[in-house]
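Below: one structure, written as structure tokens.
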Amino acid sequence: MKLMIASAIDATNQFFPLAFAVTKEVSVDSWRWFLTRIREKVTQRQGICLISSPDPDILAVINEPGSQWKEPWAYHRFCLDHLCSKFCSVFPGFDYNLHYLVSEAGSSSQKEEFDSNMKEIKEKNPEVWKWLDQFPPHQWALAHDDGRRYGIMKIDTEALFAVCKRFRKVAMAGGVMLLFGKLRDAFDVSFSSSRGSLNRGDVYTEHVMEKLEEFDTDSVTCVVTPLERDAFEVSTVSKKKKRYMGVVEVSTRGIVQLNDSTCTCGKFQRKKFTCLHALGVCDKLNVNPLQYVDDFYTLERYHKTYAATFSPVPKLSAWLEACGVPTLLPPVIEPPPPKVSGKFRRWKEIEDDHLEEDEEEEDGDDDDNDEEDDDDEEDEEDDDVDDDEEDEW
Ligand SMILES: [Zn+2]
């Protein structure tokens, strides 16, 4: 059985599960069922941005006549990580430098940088360039996105499945119920905490305020030069902590047009959040930068995100079976055999020598499974350590 999850991103850039389904196999039919149900039951909003892997089955469903996941109903984008993985599978024994260039072309917020990376890819390997060229740039490159994806380039798979991490040993039907309960509790907590902040008079999330404070307290040197037509040229030098490199000085440059909420660095218009250069101009002009931060980042939006009500799930016996939903039944678990003298024995007396041999083989299998489970637990610990990722805005 496979678990399908659709996740959304809240005003603090955190992933939260929006819908989930269990299916025997992932196919065009199961994607159609899942994506159609999301439109029916979860969101009918127009202009939504859908980020997925460049999976041919997903593409087939999205491009079907009458699909609610095509423009202008929705804007389909690709996860850059999944696109890079596809590149690795299409070009086995790939060149790491090319992989880096594909990733850079996708994540750069400036069209000039995108063009320069694509030119280099074409010079190094025309086949890779041709393969990339089949995907429209607005679907995988931030520089061509028009702000639809709010700078979100990758699906954080770990965050996506974090909510069901502890359910792997639970029967499928029980797992679905636990997941549902866990989601309801998480929604309740976020809804209540944001109501408290709104009552205190806060307008933007704490995350936004912290980001703005970083600009004030960080050692950012900013030179702002006025240009024609209310534009400003801004040069910044700041100290940043980089993994494996320690603290390094980073220089940037951008031309800001506050009235249009744009900067030549591209981040202002793509993320709809004041970039470092725009913050420099606001500081120089002594204006509040929050007026240039998109409503998406407000506490009110955050509060509304978690205001959804969860209808009680009917008893398992009342679940419909003839509506296309796979029937979820707990697996049959046989009672464990009694342990005799450190070895497992069957319930009945074993007289047949052949049966005795079979028994020993099964014991061996059990040991293997135990080792596998231990490995899983170690993986979970490793995952926690890796949570300290650099926060990109
Ligand atoms: Zn900028």
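Just so you know, all these numbers are worked out from the coordinates, no wet-lab data involved. Treat the numbers as computed from the prediction; the structure is a model and nothing was measured. Reconstructed Cβ throughout: ideal geometry from the backbone, glycine too, with neighbour counts over all protein chains shown.
Please report the equivalent ellipsoid semi-axes of segment 89-130, computed as sqrt(5 x eigenvalue) of the Cα gyration tensor, largest first, in whole Å.
Over the Cα atoms of segment 89-130, the semi-axes work out to 18, 11, 7 Å.
Among S311, S197, which comes first, second and so on when ranked by fewest other beta-carbon atoms within 10 Å? Provide the component values of the computation, followed by the final result.
Numbers: S311 5, S197 16.
Final ranking by Cβ density, sparse to dense: S311, S197.
Only counting other Cβ atoms within 10 Å, I'd like M245, M4 sorted with the fewest neighbours first.
On the way: M245 8, M4 15.
Ordered by Cβ neighbours within 10 Å, fewest first: M245, M4.
Put a dot 7 Å past each Cα toward the Cβ at F135 and Q44; how far apart are the dots in nm?
3.3
Percent of alpha carbon pairs in segment 2-162 separated by more than 18 Å? Let's see the in-between values first.
Values: 7936 of 12880 pairs.
Pairs farther apart than 18 Å: 62 percent.
Counting other C-beta atoms within 10 Å, which of L285, L98, L276 has the fewest, and how do the rest follow? Each step should come with its number before you reach the end.
Working: L285 12, L98 17, L276 23.
Taking fewest neighbouring Cβ atoms as first place, the list is L285, L98, L276.
For segment 2-162, what is the percent of antiparallel DSSP beta bridges, rounded to the nearest 5? All intermediate terms of the calculation are to be shown ahead of the outcome.
Numbers: 8 of 13 bridges.
If we restrict to bridges inside segment 2-162, about 60 percent are antiparallel.
Treating segment 206-297 as a set of equal point scatterers at the Cα positions, no solvent, please give the Debye-formula log₁₀ I(q)/I(0) at q = 0.13, 0.15 Å⁻¹.
-0.42, -0.56
Given an 8 Å cut-off on Cα distances and at least 6 residues of separation, report the relative contact order of segment 33-147 as a percent. Walk me through the numbers before you get to the answer.
Numbers: 117 pairs, mean separation 24.0, N = 115.
The value is 21 percent.
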